[in-house]
Every structure is written in structure tokens, then in C-alpha cells.
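> I have a structure here, written as C-alpha cells, and I will follow up with some questions on it.
The values are calculated or read from the model by the stated rules, or taken from the named source; none is laboratory data. These numbers come from a predicted model, not from an experiment. A quick note on method: Cβ atoms are made from the backbone with ideal geometry, for glycine too, and the neighbour counts reach across all protein chains shown. Keep in mind that these areas ignore ligands, DNA and RNA; they rest on the heavy atoms of the full protein, side chains included. Shrake-Rupley method; radii C 1.70, N 1.55, O 1.52, S 1.80 Å.
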Amino acid sequence: SLTTLEIKPKFTYSTGDQDLKTMSNYLGETYILSRNTTIDNHTTSQGISLDNDATFIRKFMKPRRVITANYELSTSKGSSTTFLDSYNTYITVPKPNDTIRQKKTNDTKAQTHIGTLTYSEPLTKKMRVEFEYLIEYGTSLQDKETRNGFNGKYDSINKFLTNNFQTVRQQQRLGTALIYESRVHTASLGFRERNIDIENQNLTTAFVIHQNKSNFLPKFSYTYKPSQSKRVNVVYNTKSTLPAISDIQNVQNNTNPNKIVIGNPDLLPNYEHSLNINMNSWQALTGRYVWAGLNTTLTNNAFATSTSYDSYGRTISKTVNVNGNAYAALNASAGFPIFNKHLEINPGVNASYSRYSNLINNSKNITTTTAVTGELELDLVFDSIEFIVDGKYTYNDPKNSISTTASNPYTMQVYTASLTWTMRGHVKIGTDGTYTINSQRANGYNINYFVWNANISRTFLKTENLILTVSGNDILNQNISAARTVNGNITTDNRTKIISRYFLVKLVYKFNNNKTKEEDARGGWHR
């Protein structure tokens, strides 16, 4: 009873086949078409991964004295083949049209070993100290090869797009934490010192980049719990993330020849501070609740994009380190049941602020975005009928230091109503509708649409565990995905046609060993 050994293996195999076709028109400031492109990518891929996690826990006769040893092994192997066909037509530019036909292969291998040893020693009845040591060793390999196509054959290797890159990473981390635990208060203060040694080797050119980085990583958490229904949590944490091998490997990725991506072997790990504060209060008798949360992050040496434009509108970008990236968000919601809990009023608000930096033609660009969402939901619940109405309004205000076109505010409104009626004869019907209004977007993207769904179901058997449902989704055939993203100096409005109107017949059987109705087993039906 004092010793536990737990082993968790996980095996994953994946395969994929994707066709992607992109057609683009390039217009200047006077909206005159200068060129258009068509890019076809056909990719087949497969991968396999194996993860093993083993944990050994040894307790002692003295309460809360514990030794825990953990070993993680992760190994993966993948390959992909892409056929690229790109056609460039120049209209107002005195340049001959060009065509790119290439075959690209990408083989990856990775293996990581992580060992962690933790020892916990009680100092008093409410206080204990914890020590932790972590050691990691990992290797990763990415072999990219590109061959130019001619007359249906791909015999010529493109040396500028071919590279074999290997990374060897070693990490050691030593930490300690002082922990206080009582019925009302729980607090933890810890410090970790980490050293990472990275050797990036270009196996094609024999060029080696060696990086050695040490980090001091403090952490703090505090929980105030005056009762089972009230709680306040405060968590401060620091972490450092390594750049991906694809961001370091110094070879072009021209899967989209209009947006070429290159590696940056000088990338450093980032360093992130995060603070999370949340509180909640719930009253069991009345059902009232209040919840609020605040989370902030500040990242130094953050990973950002440096983009350069040429005279034809094409870009070359790479990942770089920047300082001062920050994000903050405030979320709050509440529930107020009235009239014997038949009516519940649920207001909510979300607000966020972000500040991100990137480089445009070697000039620093700062994008700040303020977003506010207000929401009000009304739930009307009786024994057999539940009616819900909800309204949500979102205002986004991006500001860009370089591009004025990326500094336009935009809004979205979403209104929803749903009705569920449980009838006699084990029959239940339901319907819901959502109306979405998009405003202040580009021409053609101020899209309003209404999605209406309906269903009818009947239960069978004494336990009512056999359920037959007939449903209609997007009955008016208006469903569409419309969204705006602001990334650096670029504002993109997306309009994507997704799965629209369809009808479905579904038969479900629920296993229940207690031989009772499914509704009884969970104390009544709830949405």
C-alpha cells in the first residue's frame, strides 16, 4: 500500500492526403491588377509515434513523506511528399510568366527522454518542503529534399531548397518549493533553475550552431477557501519555450511561392511571465453564482515574424525574437435564479487587450487590439419545457503602428433562441436558431445569416436507454463561416462555406448497469 508503479503507453499512427488550390489576384494602391497566381499543392503524409510514461511512488510511515520518480519516453517518425505546381501571370509588369513544378519530401525523426525525481518532506502539520530534479535528453532530425520537375520527371535536386538538419538538446532543472496547507489557506512558493544546451547541426554544410541558456524560473500560488462554495485562486508562473526545429532550419519553404518562409538558426528560447486570478461564489439553496477571472502574460524573446516585401507583392518571412509582447483578459459571469428557479438571468462580460510586435521590411510594427464582449442569457425552465434566449455583442478595435488599413474597428452580434419540450409517450422535440450579424468588414464580408436546427426523439425500453432521433440541421441552408483576423499589418476577412443543410437519423443505445432510467441516474434532464 506504500508503493505504486504506474505505466501508461500510447501509440499513434496517422495518415493524410490533402489537395490545396489557391488563386490570388494582386492589386496596387490604384486597384489595378498587376498579376495573378494559381498554386496547387498535393500532399500525402504518414506518421507514427510512441509515448511511454512510467511513475514510481514510494510513501513512508511518516505522513506526507513521499518520493516520486517519473520517466517519459517519446519517439516519433514521419514523412510527407508534396507535389507543387505554381503558375504566375504578369499583367502590367514587364516580366515573362513563370511556372514552378517541384516534388518535395520531408522526413522527420525525434526522440526525447525525460526523468524527474521529486522528494516531499513534512516540516510541520501544515507545512512541507518539496525538492525536484529534472534531466532531459532529446534529438530531432528534419531532412528536406526538393527536386525540380521537367517533362513529368523530377530528377534535378534543388540545392537551395534541400537541407538535412539535426538538433541535440540537453536540459537540467533543479527546483524547490515551500508549501503550506490548511482548511482555509493553501500557499506554495517555489524556485527553479534551468540550463538548456542546444546543438543545431546542418548536416548538409557541416555548420554547427551551439546555444547554452540558463533560466531562473520562480512560481507562486495561493488559494483562499473560506467554505466549500467560495474560492479565490492566485497563480504566478514562469516558463521558457524552445523554438521549433522548422523555425531554426535555415532552408526556404516555398510551398506557397508568394509567401516564402526561411529558418533562423539564431533563435533563442522565449521567457514568459503569467498571472492568473479567479474567484467564484455559489449559493446551494438559491442557485446563485458569481465567477470572475483575470489572466495576463508578458513574454520576452517572444517568437514573432519578420516579413519583407518585394516589388511584386511577394513576401519572405522568418521567425525572430522580440520583447514586450503582452496579453490580458478579464472574464466574468453570474447566474440569478428567480421565481422558484423557473427563470434564471445569466449576464456575462469578456474584455481583452493584446500587444504584439513584428518586423515589416526591418521596421518594428506594433499591433494592439482591444476587444469587449457583453452577453445576457435568460433561461425559462419548467417540468417539461425549457426556453433559452441569448444575446451577445462583440467590439474589436485593432491599432497598427504601420498600416492604417489594419486599424479599423469591427463588430459582431449573435442572437440565439432554443426550445426543448418533453412530451408524453417518451417523445422530446427541440429547436434552436442563431442569427449572426457581421459589421464594419470589407465589402462582401458584412454577412448576416440565420441557422435553424430542429430535432425529434423518442426513447424505448424500460430504462429508456435506446434513443431514436431525427434531426434537421441548417434547415434554411444559410450556414457560413465568416471571420476577421488581424496579424501584424495584414487584415484578412474570411468567408468559408462549411457543412450546411443536412438531415440525420440517429439510433443510440446507452449502457446502464443499474437498470434505471438514464434521466433518473443523473437526477433529471438538463441541457
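> So which residues in segment 265-312 are closer than 28 Å to N215 by Cα and of a type in the set (A, V, I, L, M, F, W, C)?
Within segment 265-312, L267, L268, L275, I277, L294, L298, A302, F303, A304 qualify.
> Given the criteria open to solvent by less than 80 Å² (accessible area, probe 1.4 Å), touching a Ser or Thr at 6+ places or on another chain (Cβ under 9 Å), part of a strand (DSSP E or B) and more than 30 Å from Q249 (Cβ to Cβ), does R58 qualify?
no
Table: residues versus (1) in contact with a strand residue (DSSP E or B) (Cβ under 9 Å, 6 or more places away or on another chain); (2) modelled with pLDDT under 95; (3) farther than 20 Å from E72 by Cα; (4) not small (G, A, S).
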position	(1), (2), (3), (4)
P122	yes, no, yes, yes
F131	yes, no, no, yes
N158	yes, yes, yes, yes
Y180	yes, no, yes, yes
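> Also, I was wondering about something else. Enumerate the pairs (first residue in segment 476-499 and closer than 19 Å to T369 by Cα; second residue anywhere and of a type in the set (A, V, I, L, M, F, W, C) and modelled with pLDDT under 80) with beta-carbon separation below 7 Å, excluding pairs fewer than 6 apart on the same chain, so at least 6 apart or on different chains.
V486/A406; N489/A406; I490/A406; T491/A406
> Of the residues in segment 1-40, how many are free of Cβ contacts under 8 Å to residues at least 24 places away in the same chain and touching a Leu at 6+ places or on another chain (Cβ under 9 Å)?
2
> How many residues are under 26 Å from S352 (Cα atoms) and hydrophobic (A, V, I, L, M, F, W, C) when one looks only at segment 237-280?
3
> Somewhere in segment 320-338, is a residue open to solvent by 60 Å² or more (accessible area, probe 1.4 Å), over 30 Å from S24 (Cβ atoms) and assigned to a loop (DSSP other than H, G, I, E, B)?
Within segment 320-338, one or more residues are open to solvent by 60 Å² or more (accessible area, probe 1.4 Å), over 30 Å from S24 (Cβ atoms) and assigned to a loop (DSSP other than H, G, I, E, B).
> At positive phi and exposed (fewer than 15 other Cβ atoms within 10 Å of the Cβ): does that describe Y13?
Criteria not met by Y13.
> Identify, by number, the condition in (1) surrounded by 14 or more Cβ atoms within 10 Å (Cβ to Cβ); (2) under 19 Å from F382 (Cα atoms) that M423 doesn't meet.
Going through the list (1) surrounded by 14 or more Cβ atoms within 10 Å (Cβ to Cβ); (2) under 19 Å from F382 (Cα atoms), M423 breaks only (1).
> For segment 339-388: of the residues being of a type in the set (F, W, Y) and part of a loop (DSSP other than H, G, I, E, B), which is farthest from T296 (Cα to Cα)?
Per the criteria, the residue is F382.
> From the residues in segment 190-206 that are hydrophobic (A, V, I, L, M, F, W, C) and not in a strand (DSSP E or B), which one is modelled with the highest pLDDT?
L203
> Here's a check for you: in segment 157-184, which residue that is free of Cβ contacts under 8 Å to residues at least 40 places away in the same chain and either touching a helix residue (DSSP H, G or I) at 6+ places or on another chain (Cβ under 7 Å) or of a type outside the set (D, E, K, R) (or both) is surrounded by the fewest Cβ atoms within 10 Å (Cβ to Cβ)?
I157
> Specify the residue that is most open to solvent (accessible area, probe 1.4 Å); the eligible residues are those in segment 226-276 that are among the charged types (D, E, K, R) and under 21 Å from A177 (Cα atoms).
For segment 226-276, the residue satisfying everything is K239.
> Scan segment 367-385 for residues that are crowded, with 16+ Cβ neighbours inside 10 Å, at pLDDT 95 or above and of a type in the set (S, T, N, Q) and report the count.
1
> In segment 207-239, how many residues are closer than 30 Å to W291 by Cα and either modelled with pLDDT under 90 or outside any strand (DSSP E or B) (or both)?
Qualifying residue count, segment 207-239: 2.
> Let me ask another. If T315 meets every condition in (1) closer than 26 Å to V235 by Cβ; (2) more than 23 Å from the chain's Cα centre (by Cα); (3) open to solvent by less than 30 Å² (accessible area, probe 1.4 Å) apart from one, which number is that one?
Only one criterion in (1) closer than 26 Å to V235 by Cβ; (2) more than 23 Å from the chain's Cα centre (by Cα); (3) open to solvent by less than 30 Å² (accessible area, probe 1.4 Å) is unmet by T315, namely (1).
> Which one is nearest to the chain's Cα centre (by Cα) among residues in segment 293-309 that are surrounded by 16 or more Cβ atoms within 10 Å (Cβ to Cβ) and farther than 22 Å from S240 by Cα?
Top of the filtered list is G293.
> Out of curiosity, is R128 among the basic types (K, R), buried (at least 17 other Cβ atoms within 10 Å of the Cβ), in contact (Cβ under 8 Å) with a residue 24 or more places away in the chain and under 30 Å from G47 (Cβ atoms)?
So R128 fails the test.
> Restricting to segment 443-474, and then to whatever is open to solvent by 40 Å² or more (accessible area, probe 1.4 Å) and among the hydrophobic types (A, V, I, L, M, F, W, C), can you tell me which residue is nearest to P409 (Cα to Cα)?
F450
> Let me ask something additional. Considering only residues of segment 386-411 that are modelled with pLDDT under 95 and hydrophobic (A, V, I, L, M, F, W, C), which is least open to solvent (accessible area, probe 1.4 Å)?
Ranking the qualifying residues of segment 386-411, first place goes to A406.
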